[in-house]
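Here's the structure we're looking at; comments come further down.
The values are calculated or read from the model by the stated rules, or taken from the named source; none is laboratory data. Note that this is a predicted model, so its numbers are computed, not measured. Quick reminder, even Gly has a Cβ in these numbers, built from the backbone with ideal geometry, and neighbours come from all protein chains shown. These area figures cover heavy atoms from the full protein model, side chains too; ligands, DNA and RNA do not enter into them. Shrake-Rupley method; radii C 1.70, N 1.55, O 1.52, S 1.80 Å.
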Amino acid sequence: KQCELIEKVHCMGGEVLLSCHPGISMTCEQVVELALFLEKRSPDIIKIVTFAKDENDLLESFKTMLMLKKELKTPVSYHTNGAAGSLSRIVNPVLGGHIVFCVDRYNEGSTMEQLDLKTAGRIVADMKKIL
């Protein structure tokens, strides 16, 4: 059914972001395998969010983003949530992630792990200058 819906959206001229939030820590190999599986559904963008409980998980997310960029044809946005995950929201887009998720302004419903748009834009632009 999901593949049929994606095809229907494409026939109507739309684009599909296929989002997957496993909610657990995953190795690079596991995330790449998941992304390749999702890519078979023909979305226009793949978004995967895993969990980073510590700095090791965060470092694994950087390695994973580099592998996703290498292995997939579909643009991908990959980052981690959790105690150690916030930095992946800025570093992974610099490493090749397709989208930076931000908030325009903070309010009571905001995801506090996300930077505000102005700050995120400035950080990513500055990091790309030195890479």
What is the angle, in °, between the Cα long axis of helix 55-71 and the longest principal axis of the Cα atoms in the chain? Nearest 10 is fine, range 0 to 90.
40
As a check on your grasp of the helix formula, calculate [θ] at 222 nm for the chain: sum -39500 (n - 2.57) over DSSP H runs of n ≥ 4, divide by the residue count, round to the nearest 500.
-14000 deg cm²/dmol
Loop sites only, by DSSP: take the GluC sites (Glu not before Pro) in the chain that have at most 13 other C-beta atoms within 10 Å and name the longest stretch containing none of them.
16-107
So if I take the centroid of the Cα atoms in the stretch 4-32 and the same for the stretch 49-99, what is the distance between those two points in Å?
15
What distance in nm lies between label points placed 7 Å from Cα along the C-beta direction at Asp116 and Glu55?
3.0
Could you pull out the longest piece of the chain with no exposed loop trypsin sites (Lys or Arg not before Pro) in it, calling a site exposed if DSSP puts it outside H, G, I, E, B and it has at most 10 other Cβ atoms within 10 Å?
2-39
Suppose the Debye formula is applied to equal point scatterers at every Cα of the stretch 14-67; what is log10 I(q)/I(0) at q = 0.17 Å⁻¹?
-0.52
Using only Cα atoms, find the angle between the long axis of helix 28-39 and the longest principal axis of the chain, and express it within 0 to 90 degrees, rounded to the nearest 10.
40
At a probe radius of 1.4 Å, what is the per-residue accessible area of Leu34, in Å² to the nearest 10?
40
If amide hydrogens are placed 1.01 Å from N in the peptide plane, which non-local residues have theirs closer than 5 Å to the one on Ser19?
Lys47
Please tell me which of these pairs span more than 25 angstrom C-alpha to C-alpha: Lys73/Lys118; Lys63/Lys128; Lys47/Lys128; Lys40/Lys63?
Lys73/Lys118
I'd like the Karplus ³J(HN,Hα) series for the stretch 75-83: coefficients 6.51, -1.76, 1.60, θ = phi - 60°, whole numbers in Hz, and an x wherever there's a Gly or Pro.
x, 10, 10, 9, 8, 10, 9, x, 3
Please report, in whole Å, how far the alpha carbons of the chain spread along each principal axis, starting with the longest.
38, 33, 32
For the stretch 62-106 the chymotrypsin sites (Phe, Trp or Tyr not before Pro) that pass both the DSSP coil test and the at-most-13 other-Cβ-within-10 Å test are Tyr106
Two-decimal Rg/Rh across the stretch 1-45, once Rg and the Kirkwood Rh are taken from alpha-carbon atoms:
1.05
Helix 117-130 sits at what angle to the longest principal axis of the chain, using alpha carbons and giving 0 to 90 degrees rounded to 10?
80
